[in-house]
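> Next up is a structure, given as structure tokens.
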Amino acid sequence: MQELFVEGGKRLCGELTIQGSKNGVLPILAATIVCAGECRLGNCPRLRDVDASIAILRHLGCCTRWEGDTLIVDTTHMDGTEVPDALMSEMRSSVIFLGAILARQGEAVLSYPGGCELGPRPIDMHLSALRALGAEIAERSGTLRCQAKVLTAAELVLPLPSVGATENAILAACGADGTTVIYNAAREPEIGELQDFLNAMGAQVRGAGSSIVTVSGKRPLHGGTHRVVADRIVAATYLCAAAGCGGDVRITGVDYRQLATVTGALAEAGCAVESEECAVHLRSEGRLRSIRPVRTAPYPGFPTDAQPALMAALLRAAGSTVFVENIFENRYRHAGELARLGADVRIAGRVAVVSGVDALHGASVRCTDLRGGAALVLAGLQAEGTTRVSLLAHIDRGYVSIERDLTLLGAQIERKEQP
Ligand code: EPZ
């Protein structure tokens, strides 16, 4: 088992280019199967979740290979329609393949994606959208059997601006006759990136980034080339790391506008933040102050994925900060592990109150989920002494190498094999 050994007390200084986006590339990997051809994805991050998607693509009969940081996916000979339970359980967001398989093959069989560390992860909106497009979906003993010999454009209204449901609807609509309109679509940047990729394949998707997305389906498609954009949540993680430790960092390759709610919170906490076209420069004295309540919300609101990192940055701030987690039911599991480092985080349902303490002290902690695990590392960077972080598979789902990145910024952090 691998563990990270984090030596606290170091300021973070330097410049770092951010990896490609996990949540950007995952729907794009599913989108590659919408047509037969070869797609080239540059700046593709080597992550556990990308590996899980590659396994699904290969199981479906696609070929994949790496050329440096470019992942090449050839879907010409795709012949499968089923994603087995073993592959579904590796990554619950594999449900994103459903719409694309239906668009390509007209049928699909997936096991029902279970909940995850963040709570039940229903897919009712995914299924409603696909049914509205003409799919017949039978849910029996944990398996989804989907038939869609003909997909027909429809007007879809999402009850919530679900990211995954928006992406699944767009992918299925690519195979539907006519123009589909998706109302109350998610506005996350990842929807815009999916639109860009699909249009590079010859699709006609419009409106991504707004609440109304239209898809003109059944267009002649071909393989496409795309460069995966920088991961805004990884960028937010490292900005929060520097804010909490103190330092002077410049995070490059990112669209500062995608980070506005995070950099706004860090500026309110006392950091000096300068946004440039493709970079964010942050300076912090390391002793932050509490800020107004942080309410997570769909984009462009404060991103739920950055909630654990901001919480970690505020663990030693003067005063108390209230968090309200409005997206997921169970996204404070990292709070118990933070308490082992001496943090004062009180939870009541969707509300967390973080009261700053004078000092954190190193301890052994276990990752509970992807972003909660990253928050434990950020807390360890502030703690006196050594913090050992285990169950790193959670972190490796979304960070190519959190220890390499933070070491480049001056942290003392090492990954070791433990018996
Ligand atoms: C995506 O998850 C991201 N994952 C999540 O990032 C992110 O936290 C989330 O969007 C919100 O921004 C990927 O892109 C792979 P949702 P997704 O559908 O699509 C409820 C990370 O750490 N809902 O927008 O699953 C759902 O339960 C991950 O990188 C339904 O009720 O999120 C949740 O409460 C974590 N029915 C809310 O909507 C549905 O059919 C938002 O979920 C679908 C969702």
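The numbers here are math on the coordinates, done by the rules we state, and not lab data. Here the structure is a predicted model, which is why all the values come from computation and not from measurement. All Cβ positions, glycine included, derive from the backbone under ideal geometry; neighbour counts span all protein chains shown.
> In the chain, if every C-alpha pair distance is counted and binned at 20 Å from zero, what percent goes to each bin?
Going out from 0 Å in 20 Å bins, the chain shows 28, 55, 17, 0 percent.
> When DSSP beta bridges are limited to those with both residues in the chain, what percentage is antiparallel, rounded to the nearest 5?
Taking every DSSP beta bridge with both residues in the chain, the antiparallel ones total about 70 percent.
> How are the alpha carbon pair distances in region 22-227 distributed across 10 Å bins from zero to the largest one, expressed in percent?
In whole percents, the pair-distance histogram is 10, 40, 40, 10, 0.
> Could you calculate, for region 98-146, the ratio of the Cα radius of gyration to the Kirkwood radius, expressed as Rg to Rh?
Answer for region 98-146: 0.98.
> Right, here's the next one. Please give the charge dipole size of region 254-340, origin at the Cα centre, charges +1 on K and R Cβ atoms and -1 on D and E Cβ atoms. Round to the nearest 20 debye.
420 debye
> Taking all pairs of different Cα atoms in region 169-296, averaging 1/r and flipping that mean, what Kirkwood radius in angstroms comes out?
16.7 Å
> What is the Å³ per residue value for the convex hull set by the Cα atoms of region 183-246?
On the way: hull volume 4.9 nm³, N = 64.
Once divided by residue count, the hull of region 183-246 is 77 Å³.
> Shifting gears a bit: Under the Karplus relation 6.51 cos²θ - 1.76 cosθ + 1.60, θ = phi - 60°, what is the ordered set of whole-Hz ³J(HN,Hα) values for region 228-243, x standing for Gly and Pro?
5, 6, 5, 7, 5, 7, 5, 4, 4, 4, 6, 5, 5, 4, 5, 4
> Assuming R0 = 41 Å, what is the FRET efficiency of Thr386 and Arg346, from their Cβ-Cβ distance, to the nearest 0.05?
The value I calculate is 0.95.
> What lysines sit close enough to Lys416 to cross-link, taking a C-alpha to C-alpha distance under 27 Å and skipping anything fewer than 8 places away on the same chain?
Lys10, Lys22
> Moving on to the next point. Please get the size of the charge dipole for region 22-227, origin at its Cα centre, with Cβ charges of +1 on Lys and Arg and -1 on Asp and Glu, quoted in debye to the nearest 20.
Result for region 22-227 is approximately 200 debye, rounded to the nearest 20.
> I would also like to ask the following. Under 5 Å between amide hydrogens, which residues at least 5 positions from Asp255 or on another chain qualify, with H placed 1.01 Å from N in the peptide plane?
Long-range HN contacts for Asp255: none found.
> Can you give me the Rg/Rh ratio for region 245-359, using Cα atoms for both radii and the Kirkwood formula for Rh?
Answer for region 245-359: 0.96.
> Using 7 Å Cα-to-Cβ label points, what is the Ala267/Asp51 separation (nm, one decimal)?
Label-label distance for Ala267 and Asp51, simple model: 4.0 nm.
> Between Glu414 and Ala86, what is the label-point separation in nm under the 7 Å Cα-to-beta-carbon projection?
According to this spin-label approximation, the distance is 3.6 nm.
> Another one. Figure the gain on full extension for Ser210 and Asn330 (residue separation times 0.36 nm, minus the Cα-Cα span) and round it to one decimal in nm.
Result: 40.4 nm gained on full extension.
> Separate question: Along the Cα-to-Cβ line of Thr143, 7 Å from the Cα, sits a label point; which residues in region 21-61 have backbone N less than 17 Å from it?
Label zone hits: 60.
> Another question, then. How big is the antiparallel share of DSSP beta bridges in region 225-337, given as a percent to the nearest 5?
Beta bridges within region 225-337, antiparallel portion: roughly 75 percent.
> When the expected Rg is taken as 2.2 N^0.38 Å, what fraction or multiple of it is the alpha-carbon Rg of region 325-419?
Details: Rg = 13.5 Å, N = 95, 2.2 N^0.38 = 12.4 Å.
For region 325-419, the normalised Cα radius of gyration is 1.09.
> Still on this structure, I have one more. Rounded to the nearest 20 Debye, what is the dipole magnitude of the chain about its Cα centre when Lys and Arg each give +1 and Asp and Glu each give -1 at the C-beta?
The dipole magnitude comes to about 500 debye.
> Using a cut-off of 21 Å between alpha-carbon atoms, which lysines can reach Lys149, once sequence neighbours fewer than 8 places away in the same chain are excluded?
Hits, sequence-local ones excluded: Lys218.
> For region 136-238, compute Rg over Rh where Rg is the Cα radius of gyration and Rh is the Kirkwood radius from the inverse mean 1/r over Cα pairs.
Ratio of gyration radius to Kirkwood radius for region 136-238: 1.01.
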